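Structure record follows, encoded as structure tokens.
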Amino acid sequence: MKIHFCGVGKMGLPMAGHLAAAGHELTVSDPSSERLALARQQGLTVVEDERQAMAKSHVVFSSLPNDGALRAVAAVLAGAARPGTTYVDTSTVSPQASAQVAGVLEAQGIVYVRTAVSGNNKMAEAAQLTVLASGPRAGYDRMLPLLERLGPNQFYLGDAEQARLMKLVVNLMIAQTSAMLAEALTLGRKGGLDWQAMWQVLTASAVASPILKAKSVQLAQRDFTPTFTVEQMIKDLDLILGAGSAVDVPLAQTAMTRRLMQEALTRGLGQEDYAAILKVLEQDARLPGTP
């Protein structure tokens, strides 16, 4: 099968690699020369003419940073791809932008499968992503063998934008977990609890969710190397708050977490892992030795 993959960032590059490893004829494109160089180093075929690559492909995948990038790629695809081409987008974007893209693509006979993925870049590299899919059921069924290359868990949620909303639901809980954890750890540390002892208890307790256990590996060492940055989480929180507004659901706690992320950004933590909001609370609590 001929596949073109748009966007080989931290998530897109490993996903494209898994598809290529399955034996498909795959090409990639990206606006970043640095990312294209990494793709070449991994043996992927880089193309300069994205439009031509789309025209030759049976399936087009994408992993994109925001609504604007999705609209831009969809516009190129609508003008280049043959009717019957399947478009599989794995980005975290708003349901509203995705619905607009659906109208554009459907008018051109392009099958649009929304496949938001849950997991970080390390999980993408290990092919351990969870795929949240929606769109035409027949298109999803055809793409399932490809999607299974990305991870073991596949969920088909409906024929429209359900996958987009579900991804925001998941990320709301991830963001809120980081805020809850930051408050709890700051309270414990300010009250005199040992840092390592807190992590041992938390990861063995009833609150030891998979995300908490995953974060404990780095945070127990106070390592804030990003799997997902503060800036990226702010973008997702804005999408979540927008989705809430669209269906008249007040998200007061989420709005508080958004303000905390903004404070982390203001303090120069934007490129650190989103868990760095912990530093904001520690600084506000005047913990000694807090950077």
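If you check Ser118 against the conditions, is it over 23 Å from Leu13 (Cβ atoms), touching a Leu at 6+ places or on another chain (Cβ under 7 Å) and of a type outside the set (Asp, Glu)? Spelling it out, it is not the case that Ser118 is over 23 Å from Leu13 (Cβ atoms), touching a Leu at 6+ places or on another chain (Cβ under 7 Å) and of a type outside the set (Asp, Glu). For the stretch 229-245, residues that are closer than 19 Å to Leu165 by Cα and either of a type in the set (Val, Ile, Thr) or at pLDDT below 95 (or both) total 2.
All of Leu241, Leu237 fail the test of being in a helix (DSSP H, G or I), in contact (Cβ under 8 Å) with a residue 40 or more places away in the chain and within 15 Å of Val169 (Cα to Cα), apart from Leu237. Quick one: which residue in Ser91, Ser33 is outside the structural domain of Ser245 (by TED's automatic domain parsing), out of contact with any strand residue (DSSP E or B) (no Cβ under 8 Å at 6 or more places or on another chain), within 29 Å of Lys235 (Cα to Cα) and of a type in the set (Ser, Thr, Tyr)? Testing whether each residue is outside the structural domain of Ser245 (by TED's automatic domain parsing), out of contact with any strand residue (DSSP E or B) (no Cβ under 8 Å at 6 or more places or on another chain), within 29 Å of Lys235 (Cα to Cα) and of a type in the set (Ser, Thr, Tyr) leaves just Ser33. Within the stretch 104-148, the set of residues being over 27 Å from Lys56 (Cα atoms), in a helix (DSSP H, G or I) and aliphatic (A, V, I, L, M) comprises Met123 only.
Taken over the stretch 266-287, residues that are more than 15 Å from Ile174 (Cβ to Cβ) and over 19 Å from the mean Cα position of the chain (by Cα) amount to 13. Taking the conditions (1) at pLDDT 95 or above; (2) surrounded by fewer than 20 Cβ atoms within 10 Å (Cβ to Cβ) in turn, Gly7 satisfies each one other than (2). Residues that are without any contact (Cβ under 8 Å) to a residue 24 or more places away in the chain and more than 20 Å from Met11 (Cβ to Cβ) within the stretch 146-161 comprise just one, Tyr156. In the stretch 83-137, which residues are surrounded by fewer than 21 Cβ atoms within 10 Å (Cβ to Cβ), within 18 Å of His18 (Cα to Cα) and among the acidic types (Asp, Glu)? Passing the criteria: only Glu125. The residues in the stretch 131-185 that are among the acidic types (Asp, Glu) and over 21 Å from Ser98 (Cβ atoms) can be counted, and the count is 2.
Among the residues making up the stretch 1-57, those that are of a type in the set (Val, Ile, Thr) and in a strand (DSSP E or B) are Ile3, Thr27, Val28, Thr45, Val46. Residue count for the stretch 127-145 under the criterion of being of a type in the set (Gly, Ala, Ser) and without any contact (Cβ under 8 Å) to a residue 40 or more places away in the chain: the result is 4.
The values are calculated or read from the model by the stated rules, or taken from the named source; none is laboratory data. From a predicted model like this one, the values you see are computed outputs, not experimental measurements. Glycine gets a Cβ as well: all are built from the backbone with ideal geometry, and neighbour counts include every protein chain shown.
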